[in-house]
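**Q** Here it is, the structure, as structure tokens.
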Amino acid sequence: WLKHPQVLKEYPRHYETNEPVPDELVAKLMAAKSFNQGFEAIEYTSCALLDMAMHQLENYDDFDLEKFEKEELERLGMPKGIIMRHRPAHFQHLFSSSHYAAGYYVYLWAEVLDADAFAAFKETGDIFDKDTASKARKFIYSSGNTVAPDELFRKFRGRDPDIQFVLEKKGLTGSSN
């Protein structure tokens with residue numbers, strides 16, 4: 001919600017004048033919001049794919065992390081001008097227990113769910129729609145582990161999550177959002 005023009009015009013205020021954000025500044029913020037998103041998607045996705053590949057190995061005897069990283073990024077076709085957001089040496093928390101195994105991609109999946117859920121509000125024409133908010137509260141925020149998360153999302157949206165919304169949010173589809 002923070003980056004939505006309706007929010008930017010209503011809530012942030014100048015600390016001395018209490019004036020809302022000027023339209024020109026909101027327009028500049030909207031024009032810049034997709035800057036570098038393709039680059040960031042590749043640098044982050046490469047980490048997630050490398051993480052999953054490492055967790056699929058059955059034998060770590062004589063494992064050479066540097067060699068594995070190089071070969072896996074070549075296999076993925078990693079562009080030479082883009083580096084990974086986090087190198088495998090930073091993945092310690094992903095190997096510290098089975099609860100986080102191959103879980104780096106979960107951050108990307110959370111973005112998919114977030115963008116799709118926000119789209120439910122945008123589809124009503126009111127990002128503060130009370131009925132949609134009540135549905136989100138009922139099926140997302142207050143259900144906890146009482147029902148499988150994928151089932152709860154289906155109850156909220158009436159379908160499985162759709163990646164299209166996060167692609168639009170990041171400006172990677174060519175359509176405006």
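**Q** Considering only protein heavy atoms, with the full assembly of protein chains and a 1.4 angstrom probe, order Tyr15, Tyr105 by accessible area, largest first.
**A** Working: Tyr15 185, Tyr105 105 Å².
The most accessible residue leads, giving Tyr15, Tyr105.
**Q** Residues of the chain: accessible area per residue at 1.4 Å, in Å²?
**A** Working: 12070 Å² over 177 residues.
Accessible area per residue: 68 Å².
**Q** Turning to a different aspect of this structure: Amide H to amide H under 5 Å from Arg85: which residues, 5+ apart in sequence or cross-chain, H placed 1.01 Å off N in plane?
**A** Tyr44, Cys47
**Q** Please arrange Thr17, Thr173 by accessible surface area, largest first, computed with a 1.4 Å probe and ligands excluded. Don't skip to the answer; put the middle values down first.
**A** Working: Thr17 80, Thr173 55 Å².
Listed by decreasing accessible area, they come as Thr17, Thr173.
**Q** Label-point separation (nm) for Phe68 and His55, each offset 7 Å from Cα along Cα-to-Cβ?
**A** 1.3
**Q** Using a 1.4 Å probe over the heavy atoms of the protein chains, calculate the carbon and sulfur portion of the accessible area of the chain as a whole percent. Mind dumping the intermediate values first?
**A** On the way: 6630 of 12070 Å².
Looking at the chain in its full context, I get 55 percent from C and S.
**Q** So if each residue of separation counts as 0.36 nm, and I subtract the Cα-Cα distance between Glu19 and Asp160, what length gain in nm does that give?
**A** Details: separation 141, 0.36 × 141 = 50.76 nm, distance 4.15 nm.
Contour length minus the Cα-Cα distance gives 46.6 nm.
**Q** How would you classify the chain from its alpha-carbon gyration tensor, with a ≥ b ≥ c the square roots of the eigenvalues: rounded for a/c under 1.5, else prolate if a/b is greater than b/c, otherwise oblate? Kindly include the intermediate steps, with their values, before the conclusion.
**A** Working: a/c = 2.47, a/b = 1.52, b/c = 1.62.
Oblate shape, in that a/c is at least 1.5 and b/c is the bigger or equal ratio.
**Q** Which one, Phe153, Ala48, Pro22, projects farthest toward the positive side of the charge dipole computed for region 22-177 from Cβ point charges (K/R +1, D/E -1)?
**A** Pro22
**Q** So which lysines can Lys130 reach, going by Cα to Cα under 28 Å and dropping same-chain residues fewer than 8 places off?
**A** Within the straight-line limit of under 28 Å, Lys130 reaches these lysines: Lys3, Lys9, Lys33, Lys122, Lys138, Lys155, Lys169, Lys170.
**Q** Evaluate the distance, in nm, between pseudo-label points positioned 7 Å from the Cα of Phe128 and of Lys3 along their respective Cα→Cβ axes.
**A** For Phe128 paired with Lys3, the spin-label model returns 2.2 nm.
**Q** Sort the following peptides by mean Cβ neighbour count (other Cβ atoms within 10 Å, averaged over residues), highest first: 68-79, 143-154, 116-127, 44-55. Numbers along the way, then the final one.
**A** Details: 68-79: 14.0, 143-154: 12.3, 116-127: 15.5, 44-55: 19.1.
The packing order, highest mean first, is 44-55, 116-127, 68-79, 143-154.
**Q** Under a 10 Å cutoff between Cα atoms, tell me which one of Lys155, Lys135, Lys67 has the largest fluctuation in the Gaussian network model of the chain.
**A** Judging by the Gaussian network model, the answer is Lys67.
**Q** As a test question: what accessible area, to the nearest 10 Å², does Ile163 have when a 1.4 Å probe is rolled over all protein chains in place?
**A** 100
**Q** Would you mind calculating the gained length between Trp109 and Lys80 on full extension (0.36 nm times residue separation, minus the Cα-Cα distance), in nm to one decimal?
**A** Details: separation 29, 0.36 × 29 = 10.44 nm, distance 2.54 nm.
Taking 0.36 nm per residue and subtracting the Cα distance, the gain is 7.9 nm.
**Q** Okay, next question. Return the calculated 222 nm mean residue ellipticity for the chain, to the nearest 500 deg cm²/dmol, obtained by summing -39500 (n - 2.57) across DSSP H runs with n ≥ 4 and dividing by the residue count. Don't skip to the end; give the middle numbers.
**A** Details: 9 runs with 92 residues, N = 177.
Taken over the chain, the calculation gives -15500 deg cm²/dmol.
The values are calculated or read from the model by the stated rules, or taken from the named source; none is laboratory data. Worth saying up front: this structure is predicted, and the values here are computed from it rather than measured. So basically every Cβ, Gly included, is an ideal-geometry build from the backbone, and we count neighbours across all protein chains shown. Only protein heavy atoms, including side chains, enter the accessible area calculation; ligands, DNA and RNA are left aside. Shrake-Rupley method; radii C 1.70, N 1.55, O 1.52, S 1.80 Å.
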